[in-house]
Amino acid sequence: MSIAADPTAADRSAPSGQPAPAREGAIEIDGITKVYDTKGQRTLAVEDVSLEIEPGEFVVLIGRSGCGKSTLLRTLAGLQAPTDGAIRISGQSLYSPEGKAVPEVIGDLGFVFQDANLLPWRSVWKNIALPLEVQRMSRPDRRRRAEELGELSGLSEFLDHLPRQLSGGMRQRVAIMRALAPEPSILLMDEPFSALDAITRDELNMALQLIWLEFRKTVVLVTHSITEAAFLADKIVLLSPHPGRLQKVIKVDFPRPRPLELTKDDAFQSLVAELRTELGE
Amino acid sequence: MTMTNRDDASPVRSMAPAEGGRSLRELLDTYLTWITTPLLLLAFIALWKLYVVVLDISPFMLPPPEAVALALVELLQEPFFWNFFRITVTEILVGFGLAVVVGAGLGILLGRSKLFERIASPFIVASQVTPKVALMPLFLLWMGFGMQSKIAMVVLLSFFPVMKATILGVRSIGSEQRDLFTVIRAPVWKRLLSLDVPAVLPYLLTGIETASVLAVTGAIVGEYLGGNEGLGAMVVMTLNAMRVDQMFATIVALAIFGFLFYAVIASIRKIAVPWHDSAQND
Ligand SMILES: Nc1ncnc2c1ncn2[C@@H]1O[C@H](COP(=O)(O)OP(=O)(O)O)[C@@H](O)[C@H]1O
Ligand SMILES: [Mg+2]
């Protein structure tokens with residue numbers, strides 16, 4: 001199915017009828033520090049990171065392994081409170097003063113895990129519809145929504161398959177569709193394609209770009225691939241290791257939709273070179 | 001621009017066999033045990049017969065196979081046999097059911113809480129290293145010679161594998177799977193129903209299979225040691241009456257029941273967890 005030609009594309013992104021707050025989908029990260037304290041051993045994973053993310057922006061977090069990317073993303077997802085600092089999602093505080101994630105705020109987030117993280121006992125469509133069950137959507141409605149998303153991601157024929165019958169790339173598509181199913185305004189992704197081969201990865205990067213162009217969600221994606229970062233991002237955020245600090249923010253404004261051939265472009269290559277230098281590779 | 005791609009869109013497992021039709025080899029592979037089992041059984045009976053005839057074994061030591069078969073046919077027509085059979089089966093099924101409930105309940109509790117497990121584990125280990133059969137006289141003293149004491153023995157013998165397997169199952173749930181349910185804001189009941197139960201099921205089934213074997217053992221041992229009802233007691237009674245052929249027939253009947261019971265339990269796997277590796281044929 002063609003994304004660009006979908007006539008309903010425009011009005012699916014913003015549910016009509018209710019006036020959305022102006023900053024829906026914005027993320028404000030304000031002086032986040034995260035210390036892990038396990039069995040007396042303290043690890044300073046992230047130190048004093050501040051960042052503003054605009055609604056609908058595609059942000060890529062990049063940095064060496066162990067520099068606190070996952071920590072930052074999990075903190076954004078409401079999975080672990082920061083040791084210090086505050087996060088506001090669409091203008092609302094994500095954590096209460098006691099460090100508990102506020103349910104209504106998490107409800108606006110979708111999360112894609114590194115290894116798809118599908119439930120192996122559920123068929124593809126039931127995996128996609130899992131978040132909708134929590135919202136008490138009726139079964140026919142859930143099925144319809146899964147079919148819609150299946151069509152969007154080329155999974156239509158496989159809705160009744162089990163995850164074990166799919167390739168790694170397909171499973172990751174399912175994971176993305178599951179995150180999008182409840183129509184969150186923010187999509188968080190932790191190295192979603194790092195376990196895939198290069199060709200599948202290119203395909204999924206392209207697919208993700210097209211999905212993003214249609215829905216215009218705010219995306220925060222973690223990767224350690226420089227090419228992936230340069231290809232996808234509006235804004236690349238570099239983290240320096242030990243402890244994870246904000247090193248640099250680089251704006252990327254290649255026009256969209258970006259074709260895969262962009263990676264051979266001179267401007268693209270020089271951006272890649274710059275990122276390499278920054279990361280000390 | 002479409003998002004589907006030829007390479008990625010084909011499910012890995014739907015690859016058809018290279019050549020059409022099933023080869024002889026595949027057929028043999030599928031029905032192998034349908035051929036080997038009866039053959040081996042026949043060979044066993046033939047050896048038995050041969051042994052008895054050649055070495056001229058007294059029928060009081062080892063009756064020939066046809067005598068056992070005859071005794072079994074006779075027994076199957078006796079109402080008291082069926083009464084004993086009913087008693088033994090009741091003990092097995094009730095004890096086994098209780099063991100599954102107790103084992104799974106304790107397993108979930110101990111699997112979820114490390115603290116709880118640390119506190120409880122000395123007692124649970126003690127209950128297992130104690131020779132359980134040695135407790136039977138105690139059970140007889142407390143519960144009498146009826147079914148209760150035997151049911152208690154069945155539970156004691158068979159809850160442990162169920163509990164162990166359940167703990168393993170609960171522990172097998174990855175932290176990312178738990179995170180997923182946090183991210184989608186699933187309430188506790190939804191977690192239990194949609195994550196814990198299905199994830200534990202294949203492990204639980206493994207425990208239940210082991211328990212089904214131990215349950216039969218428990219009931220028979222219980223009946224050997226106390227009371228005059230049930231097939232276990234009947235083995236002792238036929239031996240005392242020097243009806244060795246009937247004793248063997250009783251053992252054969254027990255073996256057949258044990259086998260069928262296990263087969264039924266094991267076949268649940270294919271229906272209950274078709275998604276799990278353990279339910280795959282290849
Ligand atoms: N749950 C945890 N407990 C203790 N230390 C942790 C935990 N998670 C991550 N860390 C440590 O925090 C640092 C950052 O980890 P992480 O955020 O996973 O980095 P990245 O995703 O960039 O590879 C690492 O030094 C790691 O060892
Ligand atoms: Mg990581």
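For region B:49-93, what are the residues that are touching a Leu at 6+ places or on another chain (Cβ under 8 Å) and farther than 22 Å from B:Asn228 by Cα? B:Tyr51, B:Val52, listed by residue number. Of the residues A:Phe193, A:Phe215, the single one that is modelled with pLDDT under 90, of a type in the set (Phe, Trp, Tyr) and in contact with a helix residue (DSSP H, G or I) (Cβ under 7 Å, 6 or more places away or on another chain) is A:Phe215.
Quick one: would you say A:Ala229 is open to solvent by 10 Å² or more (accessible area, probe 1.4 Å), among the aliphatic types (A, V, I, L, M) and within 16 Å of ligand 1 (Cβ to nearest atom)? Considered against the rule, which asks whether it is open to solvent by 10 Å² or more (accessible area, probe 1.4 Å), among the aliphatic types (A, V, I, L, M) and within 16 Å of ligand 1 (Cβ to nearest atom), A:Ala229 comes out as no. When region A:127-161 is filtered for residues that are touching a residue at least 12 places away in the same chain (Cβ under 8 Å), out of contact with any helix residue (DSSP H, G or I) (no Cβ under 8 Å at 6 or more places or on another chain) and part of a helix (DSSP H, G or I), only A:Glu151 remains.
Among residues of region A:110-126 being more than 7 Å from every other protein chain (Cβ to nearest Cβ) and farther than 12 Å from B:Gln177 by Cβ, the one that is surrounded by the fewest Cβ atoms within 10 Å (Cβ to Cβ) is A:Gln114. The residues in region B:58-107 that are aromatic (Phe, Trp, Tyr) and under 28 Å from B:Leu42 (Cβ atoms) can be counted, and the count is 3. Among the residues of region B:243-256, some residue qualifies, meaning at least one is in the same structural domain as B:Trp82 (by TED's automatic domain parsing), assigned to a loop (DSSP other than H, G, I, E, B) and closer than 30 Å to B:Pro59 by Cβ.
Any idea which of A:Leu187, A:Leu221 is more than 16 Å from ligand 2 (Cβ to nearest atom) and more than 9 Å from chain B (Cβ to nearest Cβ)?
On the way: A:Leu221 fails: more than 16 Å from ligand 2 (Cβ to nearest atom).
Unique residue meeting the criteria: A:Leu187.
Would you mind finding the one in A:Ser90, A:Ser65 that is more than 16 Å from ligand 1 (Cβ to nearest atom), among the polar types (S, T, N, Q) and in the same structural domain as A:Trp212 (by TED's automatic domain parsing)? Full working, then the answer.
Details: A:Ser65 fails: more than 16 Å from ligand 1 (Cβ to nearest atom).
A:Ser90 is the lone residue from the list that is more than 16 Å from ligand 1 (Cβ to nearest atom), among the polar types (S, T, N, Q) and in the same structural domain as A:Trp212 (by TED's automatic domain parsing).
Among the residues of region A:91-109, those identified as more than 8 Å from chain B (Cβ to nearest Cβ), closer than 19 Å to A:Ala181 by Cα and in contact with a Gly (Cβ under 9 Å, 6 or more places away or on another chain) are A:Val105, A:Asp108.
So which of A:Thr223, A:Thr200, A:Thr218 ends up being closer than 23 Å to A:Arg88 by Cβ and of a type outside the set (Phe, Trp, Tyr)?
Only one candidate qualifies: A:Thr218.
Against the definition (of a type outside the set (A, V, I, L, M, F, W, C) and surrounded by 21 or more Cβ atoms within 10 Å (Cβ to Cβ)), how does A:Gln172 come out, yes or no? So A:Gln172 fits the description; yes. Of all residues in region A:60-90, those satisfying the criterion of being more than 14 Å from every other protein chain (Cβ to nearest Cβ), within 16 Å of ligand 2 (Cβ to nearest atom) and not small (Gly, Ala, Ser) are A:Val60, A:Leu61, A:Ile62, A:Arg64, A:Cys67, A:Lys69, A:Leu72.
Looking across region A:127-142, the residues that are over 30 Å from A:Thr83 (Cβ atoms) and surrounded by 20 or more Cβ atoms within 10 Å (Cβ to Cβ) come down to A:Asn127, A:Ile128, A:Ala129, A:Leu130, A:Leu132, A:Arg142.
Only residues that are of a type in the set (Lys, Arg) and open to solvent by less than 10 Å² (accessible area, probe 1.4 Å) were counted across region A:235-257, and they come to 0.
The values are calculated or read from the model by the stated rules, or taken from the named source; none is laboratory data. Small disclaimer: the values here were computed from a predicted structure and weren't measured. Positions of Cβ are backbone-derived with ideal geometry, glycine not excepted, and every protein chain shown enters the neighbour counts. Note: areas computed on protein heavy atoms with side chains; ligands, DNA, RNA excluded. Shrake-Rupley method; radii C 1.70, N 1.55, O 1.52, S 1.80 Å.
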